[in-house]
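Before any comments, here is the structure.
The values are calculated or read from the model by the stated rules, or taken from the named source; none is laboratory data. Note that the structure is predicted; figures quoted are calculated from it, not measured. Cβ sites come from the backbone with ideal geometry, for glycine too, and all protein chains shown count toward neighbours.
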Amino acid sequence: MDDLEGKELWTKEDLGIPVFHTENGSDLRSTEGSLTRALCDQIFTLPIHWAKATAFPETATHAVDFGPGGLSGIGPLTARNLEGRAVLVAENLEDLVARVPSCL
């Protein structure tokens with residue numbers, strides 16, 4: 001964070017869709033304080049509680065894995081957590097658009 005000299009990479013207003021906190025599952029659009037700090041803390045210092053992070057609302061229809069994808073990504077684990085809910089787990093945005101063109 002010191003390297004950023006207090007600059008924010010993103011703001012809550014930049015999030016057009018829900019993005020869930022990896023430790024407690026809260027929607028990052030309601031984060032108090034710095035979104036950049038919250039993201040850095042999740043990546044570098046906080047534990048990941050994937051069941052909480054993927055406890056999506058019943059209205060959720062899609063999830064996008066922004067990691068490396070495939071077997072190395074978190075998509076397969078997310079898909080298992082969401083089994084039976086008819087939620088499409090896409091490996092990346094290109095995969096999502098290819099599978100659901102109307103999402104644009």
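Being outside any helix (DSSP H, G or I) and in contact with an Asp or Glu (Cβ under 9 Å, 6 or more places away or on another chain) is the filter here, so list the residues in segment 19-32 that pass it.
Within segment 19-32, V19, F20, H21, E23 meet the criteria.
For segment 33-55: of the residues being part of a loop (DSSP other than H, G, I, E, B) and in contact with a Ser or Thr (Cβ under 9 Å, 6 or more places away or on another chain), which is surrounded by the most Cβ atoms within 10 Å (Cβ to Cβ)?
The qualifying residue surrounded by the most Cβ atoms within 10 Å (Cβ to Cβ) is T54.
For segment 1-32, name all the residues that are at pLDDT below 90, loosely packed, with under 12 Cβ neighbours inside 10 Å and more than 21 Å from D65 (Cα to Cα).
Passing the criteria: D2, D3, E5, G6, K7.
Based on what the data block shows, is A86 at pLDDT 80 or above, within 14 Å of W50 (Cα to Cα) and of a type outside the set (S, T, N, Q)?
no
Can you name the residue in segment 56-91 that is among the acidic types (D, E) and closer than 17 Å to P18 by Cβ and is also surrounded by the fewest Cβ atoms within 10 Å (Cβ to Cβ) among such residues?
It comes out as E58.
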